[in-house]
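Note sheet for the following structure.
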Amino acid sequence: MSCELYKSEIYAWRPGSDAASFQPMFDHLACCPECARLFEELTASDRSLQRTFQNFPESPYLENRILTGLAHQRAQKATRRPTWKFWMFVPVFASLLLVFLLGIAPRLQQARLNREVATLLSTPPALQIDSTDRNQLLAWSAAKLESSSTLPAELSRVEFRGAAVVTIANHKAVYLKMKNERRASLLIVDARLTRQNGFHSMHENSGTASLWSDGRRTYVLLFNGSDQEMEAYMAKMGIAA
Amino acid sequence: MQISDQIFDDWVRQYHRLLYGIAYWWTGSRSDAEELTQEAFFQAYRSRSGLRDIEAVKAWLVGILRHCYAQMSRKGHGKIEVSLDEMRDEFGDFNPAAISAPDMSQALALHQSLDRLDERHRLPIVLFYFQDLSYREIAEALELPIGTVMSRLSRAREMLQKSLTTQHKLEIVKKVKRS
């Protein structure tokens, strides 16, 4: 091999290179003074160049500038992230909502209706009672009116078959159905009778009414019949209004 | 690979001087080198999940620096000529006493010699001399086969030596003429 070919090897060699692959070059250097001199010059020049390469102007603020720039980038990214995430999840939320509306919501609604119907069937409405027990009816009425359960003496012979809570001119009232006369019913209003608190507008077309007060409550006897028939009923039951 | 902000900041502290030095010898300008180094770290931060081997972080960062340098070159940045006055300005700002006149003269000669090399020879020769990177590290940073790196370096060293020798001879001739 000629010196020219070894020169490329001399330029390729560096400290730490694989010794075995450069062994032919070192063998040549041992017997070629010209190439050995080139090798020595190149090695010396490399050391000088390495020193020269280390002479460059320092930049004392560079590290700080980079770290500050990175912190700024991170802060910007942190503010952008929620918007990006929100829009990314919109299709997911929309799909879930669609599945819910089409599949789960009708079932849930049906289940809720079933529960409510079962509740209605198992317990009577709180504002109505069907009973023929006079004491029970009067106690229930008193609870709704939040007052005494006793009736005036003139109503002592009257029996009832049911009651319901109503509101008359913003006053609590109880509507009781008579047991012994289906045409008759009694309205107990938790208010005193005054000239303004009239019940004329409540008269049925084919019926009549009689009302009186004990100073605390107002009692209205409603009768689906003529005045004579009502008076006959009142006389029979001992009601003296 | 998950790289935390803390780890990345440590890399900035550890490698910013290396990248800056390489960029300085590639561009011949302190301000361009600072801009390149900063941009390289910003790009590295954005693409840090692409780092496959944490042990190869140095070569990875140098590779990104090379991309940034290529972008800068395409945009027409970077110095073409370096004068002795500019060298004095660049060194003089921070530590005027640190660089002796012969060193500065050598640095200028080196700048001019590097400037005469084409890019495919200048880039590996800086990595070779400045940071003493291994052939493998240079090959990874420049994304070249190791054999190509070895042949380019061999050629670059030869061209650099000849250029420096020629300049040295010209300096002697100038001195003789002045005297």
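Return one number: the angle in degrees, 0 to 90 and rounded to the nearest 10, between the long axis of the Cα atoms of helix A:227-237 and the longest principal axis of the Cα atoms of chain A.
Roughly 90 degrees, rounded to the nearest 10.
First check a/c for segment A:3-53, with a ≥ b ≥ c the square roots of the eigenvalues of its C-alpha gyration tensor; if it is under 1.5, answer rounded, and if not, answer prolate when a/b is larger than b/c or oblate otherwise.
Taking the square roots of the gyration eigenvalues as a ≥ b ≥ c, segment A:3-53 is oblate.
For peptide B:17-26, compute the average count of partner chain beta-carbon atoms within 10 Å of each residue's beta-carbon.
3
For peptide A:43-54, what's the mean number of Cβ atoms from other chains within 10 Å of each residue's Cβ? Please report the intermediate quantities before stating the final value.
Working: counts 0, 0, 5, 4, 0, 3, 11, 5, 3, 13, 14, 5.
Counting other chains' Cβ atoms within 10 Å and averaging over A:43-54 gives 5.
Quick check on the exposure proxy: order A:Cys31, B:Cys68 from fewest to most C-beta atoms within 10 angstrom.
A:Cys31, B:Cys68
Given 10 °C and 1.306 mPa s, compute D for segment A:38-78 with the Stokes-Einstein relation, Rh being the Kirkwood radius over Cα pairs; round to the nearest whole µm²/s.
The estimated diffusion coefficient comes to 118 µm²/s.
Going by alpha carbons, how many degrees (0 to 90, nearest 10) lie between the helix axis of A:62-99 and the longest principal axis of chain A?
Its long axis makes an angle of about 40 degrees.
Hey, what D do you get for chain A in µm²/s if you plug the Kirkwood alpha-carbon radius into Stokes-Einstein at 37 °C and 0.692 mPa s?
The Stokes-Einstein estimate is 113 µm²/s.
Amide H of A:Lys179 versus every other amide H placed in the peptide plane: which residues, excluding those fewer than 5 positions away on the same chain, fall under 5 Å?
Correct list: A:Glu159, A:Phe160, A:Arg161.
For a quick check: sort A:Met230, A:Met237 by the number of other beta carbons within 10 angstrom, fewest at the front.
So the ranking, lowest neighbour count to highest, is A:Met237, A:Met230.
Which order, highest average first, do A:219-225, B:162-168 follow once you tally other Cβ atoms within 10 Å for each residue and take the mean per peptide? Walk me through the intermediate numbers first.
Details: A:219-225: 20.1, B:162-168: 15.0.
Per-residue mean Cβ counts within 10 Å order the peptides as A:219-225, B:162-168.
Taking chain A as a Gaussian network, where each spring joins two C-alpha atoms under 10 Å apart, which residue of A:Ile66, A:Ile168, A:Ile129 fluctuates the most?
The residue that fluctuates most here is A:Ile66.
With θ taken as phi - 60° and the coefficients 6.51, -1.76 and 1.60, list the Karplus ³J(HN,Hα) couplings across segment A:13-22 in order, rounded to whole Hz; mark glycine and proline as x.
6, 8, x, x, 5, 4, 5, 5, 6, 9
Quick one: angle between helix A:134-145 and the longest Cα principal axis of chain A, in degrees between 0 and 90, rounded to 10, please.
So the inclination is approximately 50 degrees.
Sort A:Val189, A:Val99 so the one with the fewest other Cβ atoms within 10 Å of its own Cβ comes first.
By the 10 Å Cβ count, ascending, the order reads A:Val99, A:Val189.
Can you give the charge dipole size of chain A about its Cα centre, rounded to the nearest 20 debye, using +1 on the beta carbon of Lys and Arg and -1 on the beta carbon of Asp and Glu?
1300 debye
As I understand it, the dipole of the protein assembly as shown uses +1 on the Cβ of Lys and Arg and -1 on the Cβ of Asp and Glu, about the Cα centre. Which of A:Ala30, A:Ile10, B:Ala33 lies farthest toward its positive end?
It is B:Ala33.
Bear in mind these aren't lab numbers, they're just calculated from the coordinates by the rules spelled out. Model, not experiment: these values are computed from the prediction. All Cβ positions, glycine included, derive from the backbone under ideal geometry; neighbour counts span all protein chains shown.
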